[in-house]
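Have a look at the structure below before the remarks.
The values are calculated or read from the model by the stated rules, or taken from the named source; none is laboratory data. Model, not experiment: these values are computed from the prediction. Every residue, glycine among them, receives a Cβ derived from its backbone with ideal geometry; neighbour counts consider all protein chains shown.
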Amino acid sequence: MKKLKHPYQIPSSEKRTDIRILPFEENAVRYEYCFIIMNPFYKKRQPIKDFDKNKTEWIEGDKLSINKKYEKFTWTELINETGITDIKELIHCLYVSHHNYISKYQKIKTKVWESFQKAVDKNQLIPNSDSHLSILLIDPILNALKKLNYENIKLYDVFQNDILNTTINELLNKNSEFPSEFRLLTEDKKLLFFQEYEHYQTFIYSTDLKLLNSFLDLTQLEGFFATDKTTLLWNEIEYKDEAITRIEPW
């Protein structure tokens, strides 16, 4: 596990008791703990010629080929590259890039935007698609569950309204990514992996903090623990006297 500092929540976000991440209930199970996975960027193992012209917006395809072609670029690396330590400022850049039809994502702090764009171009980074778990994290998560002696698991596809009762080995052998807005539930219901719509992060809910920490210790997942005050709007931005860049909607 690579633990990031919990971002500062602006007061208008923190006071929203109706959208707090914890506690969380699903199928009559109450979850008191949550680790928020910050899905890494994709970086091609071989440089992309004329990156600005040839880059793809999202990474799609089979699990095997993507793991061969791409490696992770972490948020810690992005923080070090940009010098911007508040992660919500950086993730706001993704929303500006891909959700610009929403008015609040049509402006951004100039310094943050320029530093982000410079790091993306220099390192040829491609962000993980929102509403998805990174393909690069699927096997590491499944292998960690396997080391904790889990065998059977449930994978839920929201759009297909379908629950797949399967085994971890079967999912490891599959070459496809998880569906968008998926749910992955251990047989004892103590660990629930949950993908929210239009979120770049993935949530791991648990009824057992010791178990959650044991799982995370077996991985290189990067993120932070939710507190009892963390809301789904933790990445809301506060503007003071900084220079602002306004971006026309597309």
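Here's a check for you: in region 42-51, which residue that is touching a residue at least 40 places away in the same chain (Cβ under 8 Å) and more than 17 Å from Leu64 (Cα to Cα) is surrounded by the most Cβ atoms within 10 Å (Cβ to Cβ)?
Among them, the one singled out is Phe51.
Quick one: count up the residues across region 104-128 that are within 13 Å of Ile91 (Cα to Cα) and surrounded by fewer than 19 Cβ atoms within 10 Å (Cβ to Cβ).
Counting residues in region 104-128 that are within 13 Å of Ile91 (Cα to Cα) and surrounded by fewer than 19 Cβ atoms within 10 Å (Cβ to Cβ) gives 1.
For Ser129, all conditions in the list (1) in a loop (DSSP other than H, G, I, E, B); (2) of a type in the set (S, T, N, Q); (3) at pLDDT 95 or above hold save one; what is the number of the exception?
Evaluating Ser129 over (1) in a loop (DSSP other than H, G, I, E, B); (2) of a type in the set (S, T, N, Q); (3) at pLDDT 95 or above leaves (3) as the failure.
Looking at (1) surrounded by 16 or more Cβ atoms within 10 Å (Cβ to Cβ); (2) part of a strand (DSSP E or B); (3) aliphatic (A, V, I, L, M), find the lone condition where Leu171 falls short.
Among (1) surrounded by 16 or more Cβ atoms within 10 Å (Cβ to Cβ); (2) part of a strand (DSSP E or B); (3) aliphatic (A, V, I, L, M), the lone unmet condition for Leu171 is (2).
Suppose we filter region 134-168 for residues that are outside any loop (DSSP other than H, G, I, E, B) and on the phi > 0 side of the Ramachandran plot; how many remain?
Count: 0.
Which one is surrounded by the most Cβ atoms within 10 Å (Cβ to Cβ) among residues in region 1-30 that are among the acidic types (Asp, Glu) and closer than 14 Å to Phe203 by Cα?
Glu26
Tyr156 - would you say it is out of contact with any helix residue (DSSP H, G or I) (no Cβ under 7 Å at 6 or more places or on another chain), surrounded by fewer than 15 Cβ atoms within 10 Å (Cβ to Cβ) and touching a residue at least 24 places away in the same chain (Cβ under 8 Å)?
Spelling it out, it is not the case that Tyr156 is out of contact with any helix residue (DSSP H, G or I) (no Cβ under 7 Å at 6 or more places or on another chain), surrounded by fewer than 15 Cβ atoms within 10 Å (Cβ to Cβ) and touching a residue at least 24 places away in the same chain (Cβ under 8 Å).
For region 184-226, name all the residues that are of a type in the set (Ser, Thr, Tyr) and either outside any loop (DSSP other than H, G, I, E, B) or outside the structural domain of Asn149 (by TED's automatic domain parsing) (or both).
Thr186, Thr202, Tyr205, Ser206, Ser214
Scan region 97-124 residue by residue and report those that are closer than 14 Å to Pro40 by Cα and either in the same structural domain as Asn175 (by TED's automatic domain parsing) or assigned to a loop (DSSP other than H, G, I, E, B) (or both).
Gln124
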